[in-house]
Structures are given as structure tokens and as C-alpha cells.
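What follows is a set of notes on a single structure, which appears directly below.
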Amino acid sequence: MSQTISETVTYDEGGQEEKAPCLLRLESVTKRFPGVLALDRIDFDLKAGEVHVLFGENGAGKSTLISVIAGALRPTEGTIRFRGRVVRLHSVHGARELGISAVFQEFSLVPDMTVEENLYLGAETCSFGLLKKGELHQRAEEMLSKLGFPLRANQKAGSLSRAEQQMVEIAKAFRSDLSVLILDEPTASLTEKETERLFALIEQAKAGGVGIIYITHRMGEIKRIADRITVLRDGKHISTVHAESVTDDQLVQLMTGRVISQIFPTINHKPSEVMLSVEGLKTSSGTVKNVSITVRRGEIVGLAGLVGAGKSKLARACFGLEAIAGGRIIFDNQNTTGFGPRRMLDRGMFYVPPDRREEGLVMIRNVRENVVLPSLRLKRFSWRVFLRRRTEKQVVRGLTKGLNLQPHDPERRVDQYSGGNQQKVLLARTLTRDVKLFIFDEPTVGVDVGARVIIYEFIADLCERGAAVLLVSSDLPEILHLSHRTYVMYRGMLKAELQDSEITEENVLRHFFGGDAA
């Protein structure tokens, strides 16, 4: 595409073409925030027609690096070369003029605008100062059809599911000529079918010479689409390797110093009485169809299946977040069918949602307030209309220290922490009251390996102390290594119950895709 010089993109005078220029090259790029060195002399290059994965723990500098490339942040020091010429990206708009477009993990849609308005926000076509709505609608419909996304162009963005919003964000990136596409955990909310469509789009973009920077913590995705992998740790460049020549163990060691066998703990479980019994449950939405499961004290029960299989809806129904059309929920020997979340919480059930930003945390409040939020009505934290702030501080400081919150500052706003540390805040919340059954719904989405180790040890400790644990996960290794019994769901139905030695990759995967029970 043409390289336009504007007030938002400038080229250094005398910029010379390299003999064999990369599409994008970063040289000794440094980014400092007050008291924090986020990027420390990073070297990175991207070739046309390749997928270059950024791999590292939360807080390693991945998000800062892509924000610099996308024009959202300016580097403190260092040089950025695009097609061999030095550029200074002063804004996201300036980066897009060059064909550098990013799909960030946090969405930027305007809820009250339609899909088509969001798609072309800032790039509308007008005539005599008037918006050409018909042309806008047609372009949006053509774009969505070309990408294969089942969305209506005139639908309000606020009414879309998270997966559908993700599709709109991806479509925004494809609205103009692309040179560099940045994708930050793009499949976190997508079903298997939607993920396959995204990978097909990535292949098309590669074939067209687009360079793709891809952030993921999922090993399977890395093996599937990566050409090269750059590992970051503590804001430093550790290594760049070819995907076909590196093993999962080697990647984990580069990132954390651990091997995969050290990630999952050995759990000494002693199952006892039934804590939760779900009998023939049907949800009003039809996403769960006649499902029956049990969860005992002292065991971890896995609820497995692809995204959209109904496992999350089942868990939410147990906690009172989904309307029930039939069946019964027996919790702690009481019929709690139709109870709302507050009543279930008071009876000792705690649900940890998969979307910490939308449902789990109040991002503009501090860690302390977030941790004690569901327990403020307890005498431990309040007396009449007064809050016991001293108790809050003592309890939260102890809980967050035990979970290795980094930095350990309970008065710091949650949105200033990495995803892994935000997840630790959610986990700390579960320990502020007496809980008999913990439901963890996709507890490691967008979380690095280092944080996963802490989360897995946390779940294992709960089980060994005698709590009942229901683990909802689309991550197969979590199911294989943590659960003592596993239910596999497919299209809202229960396909299999496996336990102990039956919980193998072959058995679980067969039922993931609707295979008949063995």
C-alpha cells in the first residue's frame, strides 16, 4: 500500500531502504512508565507473510510492545522501521494509515452504535457533510460476508455476545489494506468453528503478504499457526525461535524456568459426601438439555467441552445466573432450584466467572475493595452501617500475599494489574467467606504459565482441605491433570462421565466432538 506522510506518521529524513528489509523491525525499543521499565531494549522483527507469536508471562511486556507497534504508546527510546524506513508512530490512526492494525484483548466498541457504525467509525464516507448510510451498510454487509461472520450490520454492538463482539473487532482490522495485523488472545471468546474461521483468515492474510503478530498462551495454537516465536520475560527479549524446532517444554522453560511436568500439582483427594446434585437440568435458553451431574466434597470434577457446548451455562444455572426450565438442583442436601446468586452465595456456593473484566471485577476500584466486595454484609467486615476497614486491610493483605500478587499493593487499582494478577484478586475473593463448593469457570483464560501454576496449586489446596470443586474448562490439559471425574458436554447434552484412568486425551477428545460413549 502507499506510504502516506501525515501529521500522525513521520519518516526520518534520509531513511534508506535496507538491502533485504523486513516488513517491520524494532531496534533497542525501550518503554518506561513512572517507576516501571516495561520494555528494556527490545529487538524484534516481522517478515511479510509470517505469523510471529509473542510468548511470555503476564507482565512480560507483550501488551506494551504491541501498543507501541500499534501507535497507542510511544517508545521512550529505540527505533521502529517499517519497510526499511524509520517511522515515528504518533497515534493508532497513524499506524493504520500504514496498514498496521491491532485487535486488542480489551474491546473498543461503542455499545449504542450498530455493527456497521463501529466497523467504519472514523472512516465514514460523506457527501456534502452528510453520512452515506446506504453505502456504509452495503460495505459492512460485504465485509461481514467476505469474512464469514454471522452478524447483522444493523445490530447494536451492545446486544452482541462477547464472541460476536470479538468478530466485529477482527472485522475492523480487515476494513482497509493490511500490512501488519496484531491479534491479542483473539480466540479466548470464540467457539471451535469461529476459531477455525479465524485461522483461515490468517492463512489468507499470510498468502497476501501480511505480517501477523499473534499473542496467545495456548500451546496448541502456537503449533498450529506460528512460524516464529519471540519469548519475552520481565520486559526483556529472551529468545526468538522457529516454531517447528522448539518443544512445549522448551518454550515453558524459556518463559518461566519451569518444565510442563512442574505446572500441574499432585492432588491427594478423598471424596466424601455429595455436595451438589443436578438432576435432569434444562435451561430456559435451551443451552443445557436434561443434564445430571454430582460433585462431592474432596474432589475436583471437570466439566469439559468446546466453547459453546453448554458447560458454562450449566455452571451458571447452578449458581442462579441462568433461568431453569426443568430439573432440580440439590445443594448441601437442600433443594435450591431457582435460587438467585445471593442465596446460593449465602449457602456456601461461589462462582468465579470466566470474564473477569465484565463480570468479575470492578476495574476502577482497588484490590482491597474488590476482594471483600461479596462479603461486605458479613459481620467480619461490617457493623451496622459501618465498614471495618482495618479488618479489610489485614485480611486482604494476607490473602493477596499468599497468592503472590505482584506488585503487592492492595490499594492499587485493579485495572493497573496484568491479567494473571487480576485473576489472583478473583481467587482471593473466594476466601473471604465460608465456601463449600467452588465453581471455577475457565479460570486460566488469558493467564500465563507462571500464574497458572499458582491457580492450579490454589485449586488443589481447596480440594485437599475437603472442599468440593467444579472446574469448567475448554483447556484439555487442565481437565486431564486436575480432575478426578470429568463430565464431557456436547451441544448442551452430557456425552460422557469419565473418572481416574478413563480421563485420557483420546477419550475426552472423542466426546468433545460428539463421539458416542465408550
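What does the highest-first list of 85-93, 225-233 look like by mean Cβ count within 10 Å?
Details: 85-93: 18.0, 225-233: 20.6.
Per-residue Cβ counts within 10 Å, averaged per peptide and sorted highest first, yield 225-233, 85-93.
Applying a 10 Å radius around every beta-carbon, put 339-350, 167-178 in order of their mean neighbour count, most first. Write down the numbers at each step before the final one.
Working: 339-350: 16.9, 167-178: 19.5.
The most tightly packed comes first, giving 167-178, 339-350.
Can you work out the PRE-style zone for Ser292? Point 7 Å along Cα to Cβ, and I want the residues of segment 306-346 with backbone N under 16 Å.
From segment 306-346, the list is 326-331.
Take the alpha-carbon centre of segment 140-170, take the same for segment 179-247, and report the distance between them in whole Å.
Each part's Cα centre sits 22 Å from the other's.
List every DSSP H helix in the chain whose Cα atoms extend 24 Å or more along the helix's own long axis and whose mean Kyte-Doolittle hydropathy is at least 0.0.
On the way: long enough: none.
Helix filter hits for the chain: none.
Hey, can you grab everything whose amide H is under 5 Å from the amide H of Val307? Only 5+ residues off in sequence or another chain; H modelled, so Pro and N-termini drop out.
Glu192
With the cut-off at 32 Å, tell me which of the pairs Lys223/Lys311; Lys379/Lys401; Lys193/Lys436; Lys31/Lys206; Lys146/Lys289; Lys172/Lys289 have Cα atoms farther apart than that.
Exceeds cut-off: Lys193/Lys436; Lys146/Lys289; Lys172/Lys289.
Could you check the spin-label model distance between Arg175 and Phe199? Points 7 Å from the Cα along Cα→Cβ, value in nm.
2.9
Using the Karplus curve 6.51 cos²θ - 1.76 cosθ + 1.60 with θ = phi - 60°, what ³J(HN,Hα) values do you get for each residue of segment 36-44, in whole Hz, with x for Gly and Pro?
Using θ = phi - 60°, the values come out as 9, 9, 6, 10, 10, 6, 7, 10, 7 Hz.
Scan around Val86 for amide H atoms under 5 Å from its own, H built in the peptide plane at 1.01 Å from N, and keep only partners 5 or more places away or cross-chain.
Asp12, Gln16
Thr30 versus Asp461, label points 7 Å from Cα toward the beta carbon: distance in nm?
3.8
How compact and how long is segment 357-433, expressed as Rg and Dmax of its alpha-carbon atoms in Å?
Values for segment 357-433 (Cα only, Rg and Dmax): 11.6, 35 Å.
Is the shape of segment 251-397 rounded, prolate or oblate, going by the alpha carbon gyration tensor and its root eigenvalues a ≥ b ≥ c, with a/c under 1.5 for rounded and a/b larger than b/c for prolate? Provide the component values of the computation, followed by the final result.
Values: a/c = 1.67, a/b = 1.11, b/c = 1.50.
Oblate, since a/c reaches 1.5 and b/c is not below a/b.
Quick check on packing: order 361-368, 33-40 by the mean number of other C-beta atoms within 10 Å, highest mean leading. Don't skip to the answer; put the middle values down first.
Numbers: 361-368: 17.9, 33-40: 14.2.
Top to bottom by mean Cβ count within 10 Å: 361-368, 33-40.
Provide the per-residue ³J(HN,Hα) series for segment 482-487, in order, calculated from phi with Karplus coefficients 6.51, -1.76, 1.60 and θ = phi - 60°, each as a whole number of Hz, with x at glycine and proline positions.
Each residue's phi maps through the Karplus curve to give 10, 8, 9, 9, 9, 9 Hz.
Find the relative contact order for segment 216-300 and round it to a whole percent, using C-alpha pairs within less than 8 Å whose residues are 6+ positions apart. Intermediate results must be reported in sequence, preceding the final value.
On the way: 96 pairs, mean separation 15.6, N = 85.
With pairs under 8 Å counted, the relative contact order is 18 percent.
Using the Karplus curve 6.51 cos²θ - 1.76 cosθ + 1.60 with θ = phi - 60°, work out ³J(HN,Hα) for each residue of segment 361-377 in order, rounded to whole Hz, and write x for Gly and Pro.
After applying 6.51 cos²θ - 1.76 cosθ + 1.60, I find 10, 9, 5, 8, 9, 7, 4, 4, 5, 5, 5, 8, 3, x, 10, 5, 7 Hz.
Suppose every Lys and Arg Cβ carries +1 and every Asp and Glu Cβ carries -1, with no other charges. What dipole size does segment 357-433 come out with about its Cα centre, to the nearest 20 debye? Mind dumping the intermediate values first?
On the way: 18 positive and 7 negative charges, 107 e Å.
With only Lys, Arg, Asp and Glu charged at Cβ, the dipole is about 520 debye.
Over all alpha-carbon pairs of the chain, lay out the pair-distance distribution in 20 Å bins, whole %, shortest bin first.
Pairs per bin, as whole percents: 20, 53, 25, 2.
Rounded to the nearest 5, what % of the DSSP beta bridges within the chain are antiparallel ones? Don't jump to the answer; show the numbers that get you there.
Values: 50 of 86 bridges.
Looking only at bridges with both residues in the chain, the antiparallel portion is about 60 percent.
In whole percent, what relative contact order does segment 357-433 give with Cα contacts below 8 Å and a gap of six or more residues? Provide the component values of the computation, followed by the final result.
Working: 83 pairs, mean separation 33.3, N = 77.
Across segment 357-433, relative contact order equals 43 percent.
As I understand it, the dipole of the chain uses +1 on the Cβ of Lys and Arg and -1 on the Cβ of Asp and Glu, about the Cα centre. Which of Met493, Val371, Asn290 lies farthest toward its positive end?
Going by the Cα projections, it comes out as Val371.
If amide hydrogens are placed 1.01 Å from N in the peptide plane, which non-local residues have theirs closer than 5 Å to the one on Ile100?
Residues meeting the criterion, in which the H sits 1.01 Å from N, are Ser179, Val180.
Under a plain spin-label model, where a point goes 7 Å from the Cα along Cα-to-Cβ, how far apart in nm are Asn154 and Glu141?
My value for the distance between the label points is 0.9 nm.
Given the -39500 (n - 2.57) contribution per DSSP H run of 4+ residues, what per-residue ellipticity at 222 nm results for the chain, rounded to the nearest 500 deg cm²/dmol?
Details: 16 runs with 154 residues, N = 518.
Helix contribution divided over all residues of the chain: -8500 deg cm²/dmol.
State whether segment 78-168 is rounded, prolate or oblate according to the following rule on the C-alpha gyration tensor (a ≥ b ≥ c being the square roots of its eigenvalues): a/c under 1.5 gives rounded; otherwise a/b larger than b/c gives prolate, and the remaining case gives oblate.
Values: a/c = 2.20, a/b = 1.53, b/c = 1.43.
Judged from the Cα gyration tensor, segment 78-168 comes out prolate (a/c at least 1.5, a/b above b/c).
The numbers here are math on the coordinates, done by the rules we state, and not lab data. Note that the structure is predicted; figures quoted are calculated from it, not measured. Cβ sites come from the backbone with ideal geometry, for glycine too, and all protein chains shown count toward neighbours.
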